[in-house]
1. For the chain, modelled as a Gaussian network with Cα springs under 10 Å, which listed residue fluctuates most, 64, 174, 215?
2. Using only the alpha-carbon atoms, how far is helix 285-300 inclined from the longest principal axis of the chain? Give it as 0 to 90 degrees, nearest 10.
3. Run a plain Debye calculation on the range 171-247 (Cα atoms as equal point scatterers, no solvent) and give log10 I(q)/I(0) at q = 0.18, 0.24 Å⁻¹, rounded to two decimals, same order as the q list.
4. Angle, helix 196-209 long axis vs. longest principal axis of the chain, Cα atoms, 0 to 90°, nearest 10?
5. Looking at 97, 61, 37, which one has the Cα that reaches farthest to the positive end of the dipole of the range 20-97 (charges on Cβ: Lys, Arg +1; Asp, Glu -1)?
6. Can you find, among 142, 4, 116, the residue farthest towards the positive end of the dipole of the chain? Put +1 on the C-beta of Lys and Arg, -1 on that of Asp and Glu.
7. What are the residues whose amide H is under 5 Å from the amide H of residue 216, where those residues sit 5 or more places off or on another chain and H is modelled from the backbone?
8. Just order 49-56, 90-97 by mean Cβ neighbour count inside 10 Å, highest at the front, would you?
Amino acid sequence: MRVFVAGAAGYLGLSVVRACARRGHTVLGLARNGAQAERIRREGGAPVLGDVLTASSYRDVAVTADAVVHLAQPSEGDLSLMRSVRVEGGRTLAETVRDRPRVRFVVGSGYWVYASHPGIVDEESPLEPRSISQINFDTERAVAETLQSAGAAPIVVRPGMVYGRGSWFQSMVTELQKGEYRYVGDGSNYLSPVHLDDAGEAFADICERAPVGTTYLVVDDLPARTSEFAAFVADRLATEPPRSISFDAAAEAWGKDLALLNVASRRATNARLRRLGWVARWKSYRDGVPAVLRGFAGDSTG
Ligand SMILES: NC(=O)c1ccc[n+]([C@@H]2O[C@H](COP(=O)([O-])OP(=O)(O)OC[C@H]3O[C@@H](n4cnc5c(N)ncnc54)[C@H](OP(=O)(O)O)[C@@H]3O)[C@@H](O)[C@H]2O)c1
């Protein structure tokens with residue numbers, strides 16, 4: 001297969017490049033500069049210099065792909081820039097390939113679009129997007145509307161809490177080590193983790209054979225209470241147990257929407273993804289987190 005990945009040098013994007021290249025696919029990774037191009041090359045991809053908002057920079061390559069994955073998002077900047085790259089970038093990419101019926105369009109999103117739920121969250125559970133998850137939800141919709149005008153539909157991928165070297169997990173480790181990490185409220189709400197490598201493999205499985213028009217949650221087998229997950233990571237780091245912050249204090253510090261996203265309970269199932277044939281190497285954070293932390297320790301000891 002030929003897979004075109006926008007956001008290929010990012011946290012999730014590189015894991016998709018790695019998984020697809022390992023399977024022998026040709027991975028065309030959109031890079032914004034030479035350093036990103038080099039990272040994509042190191043994972044087995046072929047970089048394409050461009051910008052997701054500028055179709056002319058990648059059109060000739062994207063239209064040759066069997067699957068297109070949208071994971072571009074600015075790593076810095078405000079919500080309006082994020083909205084532009086996610087939503088308008090998704091629309092631009094979808095417009096570029098919509099007349100190619102054989103191209104499968106995979107739009108990366110996140111499970112924070114789901115409402116807090118006392119039971120199990122599956123792909124059809126009620127949605128309540130807000131703040132950054134509203135941007136992911138609007139991206140899903142913009143791509144779907146664009147493809148619909150050509151009689152096509154995207155495949156939507158909503159990963160849970162993707163832990164690995166980078167992104168929120170790296171920040172969590174640093175904050176725990178400094179004694180600054182706080183979960184919100186009593187920490188009894190559930191989160192659903194997944195190892196970064198397993199998330200990449202899930203995207204590869206989805207690019208290869210997911211039915212068009214489907215939505216997939218990408219989570220491992222074991223949801224955890226937020227306090228339990230943080231305590232587990234702290235214990236493996238041999239740092240002080242994490243402490244909590246009240247909802248009101250979190251809302252004051254980060255804004256109400258982010259506080260609400262953090263106290264929501266999302267105990268998600270991977271049943272649909274498993275039916276597709278996805279097999280997690282790391283069935284739960286109890287095995288996967290120590291493996292990631294060993295990688296961090298390897299970095300610091302050289
Ligand atoms: N991280 C997680 O745990 C997680 C979990 C679930 C869902 N998700 C979702 O997955 C998506 C990607 O997240 P991520 O964590 O992988 O993000 P990321 O690490 O910030 O990677 C995004 C990549 O896109 C690039 N980019 C920015 N603007 C671009 C543009 N105009 N054209 C082309 N590329 C551009 C970035 O380059 P620069 O560095 O130059 O900006 C970066 O390399 C988001 O929708 C996120 O909500 C992430």
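Since every read-out is calculated from the coordinates, none of them should be taken as a lab result. Remember, it's a predicted structure, so these values are computed and weren't measured experimentally. Virtual Cβ from ideal backbone geometry, glycine too; neighbours counted across all protein chains shown.
1. Comparing 64, 174, 215 in a Gaussian network model of the chain, the most mobile one is 174.
2. 90
3. Here the Debye-derived log intensity ratios amount to -0.79, -1.07.
4. The angle comes out near 30 degrees.
5. My answer, from the dipole projection, is 37.
6. Going by the Cα projections, it comes out as 4.
7. Close amide H contacts, sequence-distant or interchain: 156, 157, 158.
8. Sorting 49-56, 90-97 by mean packing, highest first, produces 90-97, 49-56.
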